[in-house]
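Every number in this text was worked out from the coordinates using simple rules, so none of it is lab data. All values derive from a computational prediction rather than experimental measurement. As a convention, Cβ positions derive from the backbone with ideal geometry for all residues, glycine included, and neighbour counts pool all protein chains shown.
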Amino acid sequence: MLSQNAIAYLIIIALGLPLVAGIFGLFGKNSKAFNTAVGIMNMLGAALGACGAGAFLFLQDRGLFLSSSAPLLDLARFFPFLPSHALSVDMLSAYFLLIVNVGFFLVSWFSIFYLPRESDRYRFPWLHIATALFVFGMQLTVVSGTPLIFLFAWEIMSFAAYFLVIADRSAESVKAGFSYAIMTQLGAACLIAGFALVSRGNMNALFLELPPVAGAAAVAGLILLIIGFAAKAGIFPFHEWLPAAHPQAPSSSSALMSGVMLKVALYGLLRVFETVAHFTLPLPVIFGFLALTLFTAFYGALMAAVESDLKRALAWSSVENMGIMFSMAGMVALFFALGGNGAAGAVWIALLVFAFCHMLFKSGLFMASGALISETHTRDLDLMGGLAKKWPVFSGMFLALCLCAAALPPAGTFYSEWIFMTTVASSIGAGAIIGLILTIVISVFALAAGLAAFAMVKIFAGAFLAKPRSDHAAHVGGLPLALYASPAVAGVLCVALGIFLPYFLRGVFPSAEGVMFSGSALMVGGTSFSPLTVVLSLMAAVAGVWILRSVFVSRRPRTTDTWDCGAPLTSRMEYTATAFAAPPRFFFHIFTLPLKKIISQPVSADNRWIVQKKLEHESRTIAEAFIYRPVARAIDGIAGRVKRLQSGVVQFYLALIFVALVVTLIVAL
Amino acid sequence: MNMLISTVSTVLMLALAPLFIGCVRKFKAWLGNRRGAPVITPYRSLATLLRKEMTISEHASWVFRAAPYVVLSVAVLVAIFVPTVFASGSATGNLFLVSALLMVGAGALVMGGMDAASAFGGMGSSREMTIAMLTEPCLIVVIAALGSVTGLWNAGGVVQTLASAPWWFVHPFLVFTFAAFAMIVLAEGARYPVDNPTTHLELTMVHEAMVLEYSGPYLAMLEYASMLKFAVLALWAANLVVPYGILGAGAPLLSGVVVFVAKFIVVAFLTALLESMVAKMRFYRLQEYFTTAYLLAFFGLILSLIF
Amino acid sequence: MITESPSKIRDFNLENFETIGGNIKKLVDELYGGRALRIRHIDAGSTNAEELELTALGNPYYDIERFGLSFTASPRHADILTVSGPVTRNMERALKTAYEMTPSPKIVVAVGDAAITGGIWNGSYAVVGPVEAVVPVDAKIPGDPPSPTAIMKGLLTALEASKDKKHA
């Protein structure tokens, strides 16, 4: 249908149009009209990009993995100053380009209606140009064909995201932005070093032409690359910045950062796995990687479960999801190392489906919580409540998004996890040691999934159910449909992806027919079931129950007050999100490190039993307590000692220069 | 033919679940030197509830009203997907799907419990969600063990494959897996030692606390869903341990019926015996319970790799 | 088994027990003849003597469960509300809300002399009055406190009064 040239033009327009829109938005001050115009331009660019990437994916048959014969779309031929194939699109790029553009479409649609509500907190020109550069950087990263352009685009993306984090210029945002900047530059340093090592210094070489990993230098480079991408994606122990930075950005930008930028980090990792390592990583590297990512998944889910700030909880949930996705990537590598190519292919598909679903539900959740917070004026789940009664449609949509985030049927995330778990569980019988490792993998995965479901139920219950727990929540106004139409579409897409997953896979991976899907059923290793049947039977069961109830029961319910055992109930007496999360906080106290201090002071001189009690409750994080602070102290100590070099004595400096000269002469000659 | 068999199996299970609970209560009464209610009392109780009016809290939203439908639908789907009366092969559901559906049902009930704005509901919800979350890794490892041993991932197929050879000779390590699964069934069915289904003290309730604000037909739906879930899972566990003589698996009709009735009575009696012997555990010690269940399941799976 | 068989309890002498309200027959019929009902007890300010007797109903000797009657924790689950004690001013609201929340059809039974007449506290400043001053009462079981057998007989009379030909 669409020729290669047409697809190339679409993608190039999608690259450029957001930049144009951003520059246009620079002149608008906080005007609503400019905001709408910028948003529409962004939506147009994103739609064109999604069409181009989608056409590339669906209209051409590619194998499961990149092979040397897979057709590439060369975009660099339109830019004479670039070498050939410096910008190119292949299956992996197209898939992630589709993810980026669909995400950007949804977010720019949302920000048309959301930003005017927050016009007193943000300066729109700042946001528009930062978002434009951010999206430009992401798209360029995905289509880059050489490490140099990749790094250039990566840095643009990271810098632009910094300005989004500090957009409201509050002290907390600046602090979070600082933490983000440090971590992201640390990661970028690792990436530069890593690419330099694996490409043997030739960073202009195409990804396809990089030499295979051999020798200690190349393995070190590979490890540095993995660390760089892990730092961007929020893998333990580089995760602390994520729950600090993502909530501080405006909600539309949080949606972009959490929903899309993290996928670009995943893309980088997969690109490295595919082209640099050719999926043959050394086993110790794989095991270390798996251990870290699985722990991230568990830890992120746990912290999401005990966190009572809505956006921070969603950010921790992103940490968990990235842990899951990275561990799926590690499992692909492990299966290749063990020779199970079929299993590797199945997990690869599960990973890509999870990435798409994650973009949809995470950006949907952040957008919806942005809408929510703009009405309740608080981010604290302990102060919300009662919103399901006031906003039934919105709460239904939020519930659907939470269902997708919790990986429960009929959402697409569940099917991706199902493919993964069935593949891993089927391969357990392959051997004793491997079986042990796979059992541990699947157990940690299941625990993380359980904690994620807990976190999502807690978020929904704290925000929407029961009586409003504060005045703000009690007096919210209406929520216009235009505001939450975009997250609603995201939720619907995520559920639809789950129901029609075999058809989607047939479009993207037609060669997997008969292996991964057949007809309307998903298949893994001999077992199959049809997502369509599942959702139809669920609907049929609900309909059946409803019909039976209508037939047998005809009385209307009577409304009374809540049973209060005789004493009037206030909203202070109901469970809050913090209370709801008390059992996991207790059961996993080694990780959540709760600190409860009860300070009691006697107030009466005569009677020491009359005391005034104060309760202080804080949670620390293990990374901060056991990794960051000791490292910071060590660096401080070393820096203090190095400071003594600056003694101010001229003779010392002259002696230093002399020694350096002598050493250089010795080494050179 | 298969469709007919699974329909009959499901309808039978739907009909017999309250009888199962009635038998458990009767045995418990006998073990406690009492007469106890007649075994068909749960049917009368549900019928009475359907006749009653519903009183709903004014703070409850649509989530409160939707929860019983979701919980009952999930329980019915689990009854369809996990065959207990007949060992039908084709229409049976994937075990991972069943575990996810159980989580969906638990989540729906949890949200219904939170919605009525009572402290008891919140407490029950928090506890129930924790139990559901801790059950997840144990159940997944049990399913992995069963799948690894039998090569199949659906409920009916697993039972049929286990019937082909006596598992206590060929796969003796499955005793650990079955013990872990028994502990999981007790947790999912809200029985001792995880939860007390007959308590009046709200601080000791988990499942009961969430249904305190429901009345009339909604309460009937929730109670029936709980009975159905426990009956299906307990009888399926019995089918795993003694996979012989199940109707439809080549056994003649009379012996199949006798075996089913025997399993029904024995499982009800064992549940009542357990409830009469142990006390309910303190909630904040449940990590020991679930760690034990997980380690049992883990050993079952690891030993299957060695032998 | 130390409990007697149900038929022995049903074969009794009904002179001392009162039932009031003609609608109790309709209520019981609606509840399938009262074969599986849940009782929620409300202590509206009693001396706990009635509660001790009610607790004894659950033990193996008296075993009220063999009649299908069981105790429940929430008024929303209840079919029968047993109330004991004179209704004190502090418990008036609790009793009213519990009555309101119980779904109909419901049967209110006043257990003990204090609940029926206000007992020795009738007219006190702390007491509103007998239970029927606060909520409508369908059956009364006199005694201070009534023994568990008396309570059981009273409840069963209330439930079976519609069928018993001796008390038309």
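Here the label points at A:Ser119 and A:Ala193, each 7 Å from Cα along the C-beta direction, are separated by 4.9 nm in the simple model.
In terms of its C-alpha gyration tensor, the range A:316-357 has an oblate overall shape, because the principal axis ratio a/c (a ≥ b ≥ c, square roots of the eigenvalues) is not below 1.5 and a/b does not outweigh b/c. The alpha-carbon atoms of the range B:18-174 define a convex hull whose volume equals 171 cubic angstrom per residue.
What is the magnitude of the charge dipole of the protein assembly as shown about its Cα centre, with +1 placed on the Cβ of each Lys and Arg, -1 on the Cβ of each Asp and Glu, and no other charges, expressed in debye to the nearest 20?
Values: 74 positive and 62 negative charges, 93 e Å.
For the protein assembly as shown, the charge dipole is close to 440 debye.
Ordering A:Trp609, A:Ile622, A:Val649 by Cα displacement along the dipole of the range A:588-651 toward the positive end leaves A:Val649 in first place; charges were set at the Cβ atoms of Lys, Arg (+1) and Asp, Glu (-1).
What shape does the range A:99-155 have by the C-alpha gyration tensor, where a ≥ b ≥ c are the square roots of the eigenvalues, rounded means a/c under 1.5, and otherwise prolate means a/b greater than b/c and oblate the rest? Provide the component values of the computation, followed by the final result.
Details: a/c = 5.29, a/b = 2.01, b/c = 2.63.
The shape class here is oblate.
With each label modelled as a point 7 angstrom along the Cα→C-beta vector, the A:Leu481-B:Leu253 pair spans 5.7 nm. Close amide-amide hydrogen proximity is noted between C:Val108 and C:Leu81, C:Asp138, C:Ala139, each under 5 Å apart and 5 or more residues distant or on a separate chain (H modeled in the peptide plane; Pro and chain starts excluded).
Could you give the length gained by full extension between A:Gln601 and A:His278, i.e. 0.36 nm per residue of separation minus their alpha carbon distance, to one decimal place? Before the final figure, lay out the partial values.
Values: separation 323, 0.36 × 323 = 116.28 nm, distance 6.57 nm.
Using 0.36 nm per residue and subtracting the Cα-Cα distance, I get 109.7 nm.
Using the Cβ of A:Phe298 as centre and a radius below 14 Å, the other residues enclosed give a net charge of -2, where K and R count +1 and D and E count -1. The coefficient of translational diffusion for the range A:567-657, derived via Stokes-Einstein from the alpha carbon Kirkwood radius under 20 °C and 1.002 mPa s, stands at 112 µm²/s.
How high is the FRET efficiency from B:Arg282 to A:Ser511, r the C-beta distance, R0 56 Å, rounded to 0.05? The formula returns an efficiency of 0.50 here. Amide H to amide H under 5 Å from B:Ser57: which residues, 5+ apart in sequence or cross-chain, H placed 1.01 Å off N in plane? The answer is A:Thr560. Summary of the geometry: the range A:416-486 and the range C:62-97, compared by the centres of their Cα atoms, lie 41 Å apart.
Spin-label model, B:Val175/A:Phe79: points 7 Å from Cα along the beta carbon direction are separated by 6.9 nm. In chain A, the calculated helix contribution to ellipticity at 222 nm averages -22000 deg cm²/dmol per residue, counting -39,500 (n - 2.57) for every DSSP H run with n ≥ 4. Counting only lysines at least 8 places from A:Lys263 when in the same chain, those with an alpha carbon closer than 24 Å to its own are A:Lys232, A:Lys311, A:Lys362.
In deg cm²/dmol, rounded to 500, what helix-only [θ] at 222 nm does chain B give when every DSSP H run of at least 4 residues adds -39500 (n - 2.57) and the total is split over its residues?
Details: 12 runs with 217 residues, N = 307.
Using -39500 (n - 2.57) per qualifying helix, the result is -24000 deg cm²/dmol.
The magnitude of the dipole of chain B, with charges of +1 and -1 set on the Cβ of Lys/Arg and Asp/Glu and taken from the Cα centre, is near 760 debye.
Sequentially through the range B:232-237, phi angles give Karplus couplings (6.51, -1.76, 1.60; θ = phi - 60°) of 5, 5, 5, 6, 5, 4 Hz, Gly and Pro residues having no value and appearing as x.
For a 29 Å ceiling on Cα separation, which of these pairs sit above it: A:Lys467/C:Lys96; A:Lys389/B:Lys280; B:Lys280/C:Lys140? Don't skip to the answer; put the middle values down first.
Details: A:Lys467/C:Lys96 23 Å; A:Lys389/B:Lys280 37 Å; B:Lys280/C:Lys140 37 Å.
Among A:Lys467/C:Lys96; A:Lys389/B:Lys280; B:Lys280/C:Lys140, the Cα-Cα distance tops 29 Å for A:Lys389/B:Lys280; B:Lys280/C:Lys140.
Largest first and in whole Å, the equivalent-ellipsoid semi-axes of the protein assembly as shown read 60, 35, 28, each the square root of five times a Cα gyration tensor eigenvalue. As a rough footprinting exposure proxy, the listed residues A:Ile434, A:Ile23 were ranked by other beta carbons within 10 Å of their own, and the order from fewest upward is A:Ile23, A:Ile434. Shape of the range A:627-668 from its Cα gyration tensor (a ≥ b ≥ c, root eigenvalues): rounded if a/c is under 1.5, otherwise prolate when a/b > b/c, or oblate? Verdict is oblate for the range A:627-668. Over the range A:446-513, the pair-distance histogram of Cα-Cα distances with 5 Å bins from zero comes to 3, 12, 10, 14, 19, 15, 11, 7, 4, 3, 2, 0 percent, rounded to whole numbers.
Once the C-beta distance of B:Tyr244 and A:Val551 is scaled by a Förster radius of 25 Å, the resulting FRET efficiency is 0.05 to the nearest 0.05.
Between the amide H of C:Val128 and those of C:Val87, C:Thr88, C:Arg89, distances stay under 5 Å, these residues lying 5 or more places away or on another chain, with hydrogens modeled in the peptide plane.
Among C:Asp63, A:Asp636, sorting on how many other beta-carbon atoms sit within 10 Å of each Cβ, with the fewest leading, yields A:Asp636, C:Asp63. Beta bridges per DSSP, both residues in the protein assembly as shown: antiparallel share near 50 percent. A dipole drawn for chain B from +1 and -1 charges on Cβ atoms has a positive end, and of B:Val242, B:Thr7, B:Asn196 the residue lying farthest that way is B:Val242. Seen from all directions on average, the range C:15-160 presents a Cα convex hull projection of 7.8 nm².
If you restrict to DSSP beta bridges whose two residues both lie in the range C:15-160, what percentage is antiparallel, to the nearest 5?
Numbers: 4 of 20 bridges.
Antiparallel bridges: around 20 percent, rounded to the nearest 5.
Relative to its Kirkwood radius, the Cα radius of gyration of the range B:127-269 gives an Rg/Rh of 1.02. Here chain B was treated as a single set of alpha-carbon atoms; its pair distances binned every 20 Å from 0 give 33, 59, 7 percent.
Using R₀ = 56 Å, calculate the FRET efficiency as 1/(1 + (r/R₀)^6) where r is the Cβ-Cβ separation of B:Leu4 and C:Ser104; round to 0.05. Each step should come with its number before you reach the end.
Numbers: r = 43 Å, r/R0 = 0.76.
That pair, B:Leu4 with C:Ser104, gives E of 0.85.
More than 50 Å apart: what percent of Cα pairs in chain A qualify? If you can, show how the numbers build up before the last one.
Working: 34902 of 223446 pairs.
It works out to 16 percent of all Cα pairs.
Between beta-carbons, use under 15 Å as the cut-off and find the net charge around B:Pro18, counting Lys and Arg +1, Asp and Glu -1.
Within the 15 Å Cβ shell, the charges total +4.
Just to be sure I understand: if I project the alpha-carbon convex hull of the range A:309-464 onto a plane and average over all orientations, what area do I get in nm²?
Numbers: hull surface 34.9 nm².
Seen from a random direction, the Cα hull of the range A:309-464 projects 8.7 nm² on average.
Taking other C-beta atoms within 10 angstrom as a stand-in for reagent exposure, B:Trp62, A:Trp563, A:Trp316 fall in the order B:Trp62, A:Trp563, A:Trp316, fewest first. The residue list B:Leu97, C:Gly143, A:Leu87 was ranked by how far each Cα lies along the charge dipole of the protein assembly as shown toward its positive end, using unit charges on Cβ atoms, and A:Leu87 comes out on top.
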